[in-house]
Each structure stands twice: as C-alpha cells, then as structure tokens.
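Single-structure report; data block below.
The values are calculated or read from the model by the stated rules, or taken from the named source; none is laboratory data. Values in this document were obtained by computation on a predicted structure and should not be read as measured data. With ideal geometry, Cβ positions are generated from the backbone for all residues, glycine too; neighbour counts draw on all protein chains shown.
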Amino acid sequence: MRRTPRDALVAGDIGRWLRQWRETTVPIPRREFLRRAGQAAVTVGAASQLGWLQGCGRSTSTGSALRALADGMDGRVVAPGDPRYGQASQLFDPRFDDARPLAVAECLSSSDVERAVRWATAHGIRPIPRSGGHSYAGYSTGDGLVIDVTGLNRVSIDRNRKTATIGAGSRLIDVYSALSAHGVAIPAGSCPTVGVAGLTLGGGVGLSSRKLGLTSDQLMAAELVTASGQTVTCDARTRPELFWACRGGGGGNFGVATSFTFRLYPVKRVAIYQTQWSWEHAAAVFDAWQRWAPTAPDELFSICKFNNGGPRAKSPQPVVTSFGQYLGPEHELATALGPLLASAPPTSHQISTMSFLDAQRFWAGCEGSVPQCHLPNQVRGGTLDRWAYKAKSDYVAAALPPAAIDTMIRWVEAWPGGADAMGGGIQMDSYGGAINRVAPNATAFVHRDSLFSCQYLAFWLPSQVASAEGPSLQWIDSFYGAMRPYVSGFAYQNYIDPDLGDWLHAYYGSNLTGLTDVKRAYDPGDVFRFAQSIPV
C-alpha cells in the first residue's frame, strides 16, 4: 500500500512527515540499466524540438551535438522526444515539472561526468548537477544540460580504515541499508530518497548528528569534476581549501561531485520515541523542549513540531508533537525524556527499540522493506509519493520568549487549509552536542552556535497547485516574517530558499569570503551558476 502525504500528516502518524522533506541524499539497488546499445542513443527528434545551438564557431543541430555527447558515454543522454524525457527531467517536487532541460545526461562513471561538463562548456550550455533531485528551489534542473549522477551509486567499505566510499548519486536509504549489513552507519538525514551529494555538500543534519556530527563532519575525501572537465580529489592534505568548501559550501557550486569517503561508526540498535500533547499545552511543551533538548545527552536528537493538518486531519485542532532517536538503550532514553514529559500530560507516548536500519525505514514511512522507501520510478516496489511543498528556515541562538511562542501558535492556527492543502506547520530540530563542538570556520558550515533550527512548511496536492499554492505561500511568507524579531537571521543552505533576501550571509556568514576564494580558484568562469550560487 502506497503512503500518501495525507497519511504522513495526520495525528498518530507523527514521524512520517519526516520522510519527504528532511535531509535530509541510494540505490545500491542500482538504477535499471539500459542495454549498452540503448545507452548511447539520443532521440532523433531532439533537433526539431530544440532548434539549433551555437558551438565551436559554427551552427550545428542540437540532435547531432547531443549524439556526439552520447557517443562514448557509458550512460545515456535523454532529450525531448525520448519517451523517458518527462520522467528523466523530474525533480522530487512536482512544482518544477514544467522545467525543460536541453537534455539529461544519465552518467554511470566519472568519465561520463567529465564528458558532459566538457560538452556543455564547449557549447556554451549551463551544466546542472543533479543527485537526488531534492533542491527546495528547483536548482537541480533548468534549461541547460542536467548531469544526473544517480547511476554513480556504489558503496564500498574499507573494514581496516573504517571508511566507506559512496557514489555521489546514492540515495540515503540504500546507503543506510548497505552500511547496516556491516553494523555501521554515517550521520545523515531521514528522507530516504535524498541523494548523498546534496546532503553532504550543504552540511547534512540528521537524527544522529548530536552524537556523530553532521554528514559533512565525517567526510574524509571527495571527488568531483571541476569546470575544466577534470576529475580532482580533495581531502585535508590535498586541495584542503576545496575540501573545506565541500563541507557545507552548498551543492552545485564548485563542480559535479562523483564520490565521497566517510568515516564510519558502529551503530546497531537505537531507541526512538513519539509523544503528542493537546494543542492547549503547546506553549508549555515547546518552552520546556527548547530549554531541554539542546543540552540533553548527545545520544538524543529531538524534534518538536507544531502542525495543522486542516480538514484532512484526524484532529480538529493543531497538534504539538515531539519525536526523536537515541543512540543507546531504551531505559536511558526514558530517563532523558523526564524533563520534557513533566511539561504537560501527553495524550500519547511511545518508546521502542529497533535496529538502526529499521528506525530509518520507520521515520521514512516505509517499514516493510528497503525497496518501498523509493519512488515507484526509482526501484521496483517503491511506494513513496512525490508531493508539492514550500519551506523556509531559521536558526535560533537564544531561548524564544513568550511573545515568540505566541506568534508561532497564532500562525499555525492561522494556516489557511482548504480542500487541496495537505498541512502546514513549523518544526524545530535540536542542535548542540557534536554539531556545536566544531568551530564555525573549521568547515564551510557556519551554523555552530544555535540551540535549534526552525523549518516552516506547507504541503499541498501536486494536482491542485493552482488552488492551494497561492494561499499556502502567502501564509508561510507571513509566518516567516512575523518571526523576524526573534531569530538569528541565518538559514540552512540545504533548505535553500529562492525568496530569501540576504541569502549569502544567511547561508554562509563569515565563511563567505573563503567560499568565494574557492569558487574563483576552481570555477573562475562561473560555469556552475544558478540563482543562489557562490559568486565569483
């Protein structure tokens, strides 16, 4: 049975909301390979649909140029006219389904990526890196050449070094599955279809981060294809400035990532909890949570959420919930939760213990099997759905005063709802622990002094964008605006927001100068550019 956003948002199914929008980026169940003869094919009708492009000083048909690109690639080039073009062009969010890239280069090797980058630059076409396709702003598509790396999805474990080298196109659920077979894990997100590249390059916060750090904190080396079309590696000793930038500098800025090497940690079983309170206790619960969660044991990553499910929800009122994961035994989690549970009597409270992999499937809403934790077009047996949403983010460095909490409550209550809207709310993720013990300039991820992050979210039916999108966007913008007096002014670069004003400062703060230097060194011609890319 396929899960839907409606299932994810109703009261009593708390954790499932995480599955589509938390980092957040596999298939070790590799994408369905096309026969070698078909991999080099490109649609004959592409030229008639896309016209002509200028390249190498002369006019040449797009179809012929794309055939030249496909020639010698291990993967396939998919252009308009190919029956697979619509699906190949899709991102996770249906809001961007009207994007029409020149073509999609489905790469299966680093040499494929090199060829695609060189072809794009030679023809004056913008190369657009794409891993999991979860860019909140749709920046992993456009009218250029999409360089899709989901075919680069191998996970290789070095037992002696306690590391794993992971292809940049690997999806998180497949990474978790491959690593769990060896009793190890990396700290990463809980959305199963997110690609590891975007997650890592933007930082990577997840349910193990207060104990194990960000995904990027455990990065030991990265491989990427730069604007020159050359594959380079970087680590703490080789190209250390590029390595620094790859740990929080954001995806798509410095090249096309092809693989990452991570430090591994032994993780077998975890304890999880889900607790819900009636809405009348929202202020008391949140105030207790914000004073407790950032200083709770490092093993515990805790989330607090205010959600209004509207007419589709089981509850006629908004709900306040808290849920999280503990890297330790259940009895320790029960003790750690004491201050939170003392804030108000919950209407429901559950604690359970399970394997690390089972926990990730649980949060994703696909407990039955790893294949279920994919979209149907990614892996046979995939049951997850695409759905439309809008998000904005904040960081909070000091406990929010009562006026701020009242503002949150009022705006969640004011969510416009409607027959075609799925839900709206705000989610707070606890920081502290290992996240905050890293200096702000030690990596490109500057957000190291926050108590917690906030994510404002609205969801609606993909088929009803016209009726639901406008009111939802107006609500989320107003809610975000009302919180300006109480927040830090920073934002999480993996929750990239095209409407953000001073986005360079909000994402990167004092690390912007260093990131600009790296951009000038590795992409002086601004080949990898988009609306919120690091400037040259």
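Numbers at a glance
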{"item": "Pick from region 459-489, criterion at pLDDT below 95 and among the hydrophobic types (A, V, I, L, M, F, W, C), ranking: nearest to the chain's Cα centre (by Cα)", "result": "PHE459"}
{"item": "Of all residues in region 142-173 being touching a Cys at 6+ places or on another chain (Cβ under 9 Å) and β-branched (Val, Ile, Thr), the one that is surrounded by the fewest Cβ atoms within 10 Å (Cβ to Cβ)", "result": "THR150"}
{"item": "Filtered residues of region 374-394 (kept if touching a Cys at 6+ places or on another chain (Cβ under 9 Å) and in a loop (DSSP other than H, G, I, E, B))", "result": "HIS374, VAL379, GLY382, THR383, LEU384"}
{"item": "Residue in region 264-281 that is at positive phi and surrounded by 21 or more Cβ atoms within 10 Å (Cβ to Cβ) present", "result": "no"}
{"item": "The lone exception for GLY229 - which of (1) buried (at least 20 other Cβ atoms within 10 Å of the Cβ); (2) assigned to a strand (DSSP E or B) it fails", "result": "(2)"}
{"item": "Residue list for region 377-388, filter: within 24 Å of ALA421 (Cβ to Cβ) and either small (Gly, Ala, Ser) or surrounded by fewer than 24 Cβ atoms within 10 Å (Cβ to Cβ) (or both)", "result": "THR383, ASP385, ARG386, TRP387, ALA388"}
{"item": "Selection count where residues are in contact with a His (Cβ under 8 Å, 6 or more places away or on another chain) and under 16 Å from ASP497 (Cα atoms), scope region 435-482", "result": "1"}
{"item": "Boolean, LYS211 is at pLDDT below 95, farther than 26 Å from TYR139 by Cα and over 17 Å from the mean Cα position of the chain (by Cα)", "result": "no"}
{"item": "Strands (runs of 3 or more DSSP E) contained in region 76-152 and holding at least 1 residues within 18 Å of SER61 (Cβ to Cβ)", "result": "76-78, 103-106, 145-148"}
{"item": "Residue in region 432-439 that is more than 29 Å from ALA296 (Cα to Cα) and assigned to a loop (DSSP other than H, G, I, E, B) present", "result": "no"}
{"item": "Residues located in region 355-370, provided they are surrounded by 16 or more Cβ atoms within 10 Å (Cβ to Cβ) and either at positive phi or not charged (D, E, K, R) (or both)", "result": "PHE356, LEU357, ALA359, GLN360, PHE362, TRP363, ALA364, GLY365, CYS366, VAL370"}
{"item": "Cβ pairs under 7 Å, 6+ apart, first in region 402-414 and within 18 Å of ALA288 (Cβ to Cβ), second hydroxyl-bearing (Ser, Thr, Tyr)", "result": "ALA404/TYR486"}
{"item": "Condition met for ALA506 (part of a helix (DSSP H, G or I), among the hydrophobic types (A, V, I, L, M, F, W, C) and more than 19 Å from TYR395 (Cα to Cα))", "result": "no"}
{"item": "Cβ pairs under 7 Å, 6+ apart, first in region 513-532 and closer than 18 Å to SER228 by Cα, second buried (at least 19 other Cβ atoms within 10 Å of the Cβ) and basic (Lys, Arg)", "result": "none"}
{"item": "Condition met for LEU473 (surrounded by 16 or more Cβ atoms within 10 Å (Cβ to Cβ) and either out of contact with any helix residue (DSSP H, G or I) (no Cβ under 9 Å at 6 or more places or on another chain) or not assigned by TED's automatic domain parsing to the domain that holds CYS246 (or both))", "result": "no"}
{"item": "Among the residues listed as LEU341, LEU337, the single one being over 30 Å from ARG484 (Cα atoms) and either of a type in the set (Gly, Ala, Ser) or buried (at least 16 other Cβ atoms within 10 Å of the Cβ) (or both)", "result": "LEU337"}
{"item": "Condition met for ALA222 (surrounded by 19 or more Cβ atoms within 10 Å (Cβ to Cβ), part of a strand (DSSP E or B) and within 24 Å of the chain's Cα centre (by Cα))", "result": "yes"}
{"item": "Answer from TYR139, TYR85 - the residue that is touching a Phe, Trp or Tyr at 6+ places or on another chain (Cβ under 6 Å), modelled with pLDDT of 95 or more and either buried (at least 24 other Cβ atoms within 10 Å of the Cβ) or not basic (Lys, Arg) (or both)", "result": "TYR139"}
{"item": "Number of the exception - THR165 against (1) not in a loop (DSSP other than H, G, I, E, B); (2) not assigned by TED's automatic domain parsing to the domain that holds GLN230", "result": "(2)"}
{"item": "Among (1) modelled with pLDDT of 95 or more; (2) in contact with a Ser or Thr (Cβ under 6 Å, 6 or more places away or on another chain), the one test that LYS392 misses", "result": "(2)"}
